[in-house]
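See below for the structure under consideration.
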Amino acid sequence: MHLDPLAIFTAFGLIFLAELPDKTMFASLAMGTRMKPLYVWFGTSSAFIVHVAIAVGAGSLIGLLPGWLVKVVSASLFAFGAFMLLRAGGGDDEEEGGTRTVTGFWPVYSTAFMAVFISEWGDLTQITTANLAASNGTWSTAIGSAAALMSVSALALLAGQFIAKRVPLKTVQRIGGICMLGLAVWTVAEIFVG
């Protein structure tokens with residue numbers, strides 16, 4: 001198992017920025033207001049780890065393709081991610097329906113797990129994780145991506161209201177989109193240079 005610190009930090013940074021304005025952050029924030037935040041975090045983190053494993057597995061399969069084809073697929077996925085982030089509106093005022101409070105570890109854990117597990121299928125962060133795993137290494141990408149997703153969930157639970165009031169989500173989306181667009185251009189350039 002080879003760990004590349006640059007690949008870990010790259011995965012962390014991209015996934016963190018992509019997940020910040022995502023519906024999952026708002027779902028975590030909403031669940032944290034009605035349920036014990038630590039239990040919610042365990043549930044969301046478990047779901048994120050499952051999704052990272054699935055995405056990294058898909059990325060490993062992509063990595064078996066010829067190098068130039070992997071770069072074309074990677075550049076396309078980065079460009080798609082940039083498009084999704086840059087076109088996204090700032091109106092993600094997602095709220096969970098109802099005001100029922102869930103208590104107890106297992107009910108809270110399973111509610112949080114299922115909310116994230118279902119909502120993250122085919123999500124931008126899952127696609128980005130698969131893309132990074134194909135080009136930057138499986139374990140490094142898995143560690144960076146899982147840490148970023150778990151950090152965003154913790155951030156939403158601990159300081160989500162502070163962020164929502166002071167940092168415009170459109171700004172976060174634009175920064176993430178520009179980073180992804182830059183990676184798409186870089187990857188295309190690698191096809192012709194390398």
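Below, the figures for the structure above:
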| item | result |
| --- | --- |
| ³J(HN,Hα), Karplus 6.51/-1.76/1.60, whole Hz, each residue of segment 43-49, x for Gly, Pro | x, 5, 5, 4, 5, 4, 4 |
| Solvent-accessible area of Met180 with every protein chain in place, 1.4 Å probe, in Å² to the nearest 10 | 0 Å² |
| Trp186, Trp121, ranked by accessible area, largest first (probe 1.4 Å) | Trp186, Trp121 |
| Whole-number D in µm² s⁻¹ for segment 103-148, Kirkwood Cα-pair radius fed into Stokes-Einstein, 37 °C, 0.692 mPa s | 274 µm²/s |
| Which of Leu86, Leu155 is most accessible, then next, and so on - probe 1.4 Å | Leu86, Leu155 |
| Neighbourhood charge, 10 Å Cβ-Cβ cut-off, centred on His51 and excluding it, Lys, Arg +1 and Asp, Glu -1 | -2 |
| Solvent-accessible heavy-atom area per residue, rounded to whole Å², over segment 104-157 at 1.4 Å | 35 Å² |
| Ile178 versus Met114: modelled label distance in nm, points set 7 Å from Cα along the beta carbon direction | 4.2 nm |
| Residue-wise HN-Hα coupling along segment 21-28, computed from phi with Karplus coefficients 6.51, -1.76, 1.60 (Hz; x: Gly, Pro) | x, 7, 4, 5, 4, 5, 5, 4 |
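The values are calculated or read from the model by the stated rules, or taken from the named source; none is laboratory data. Small disclaimer: the values here were computed from a predicted structure and weren't measured. No Cβ is skipped: glycine too gets one built from the backbone with ideal geometry, and neighbour counts run over all protein chains shown. Side chains are part of the model used for accessible areas, which takes the heavy atoms of the whole protein and leaves out ligands, DNA and RNA. Shrake-Rupley method; radii C 1.70, N 1.55, O 1.52, S 1.80 Å.
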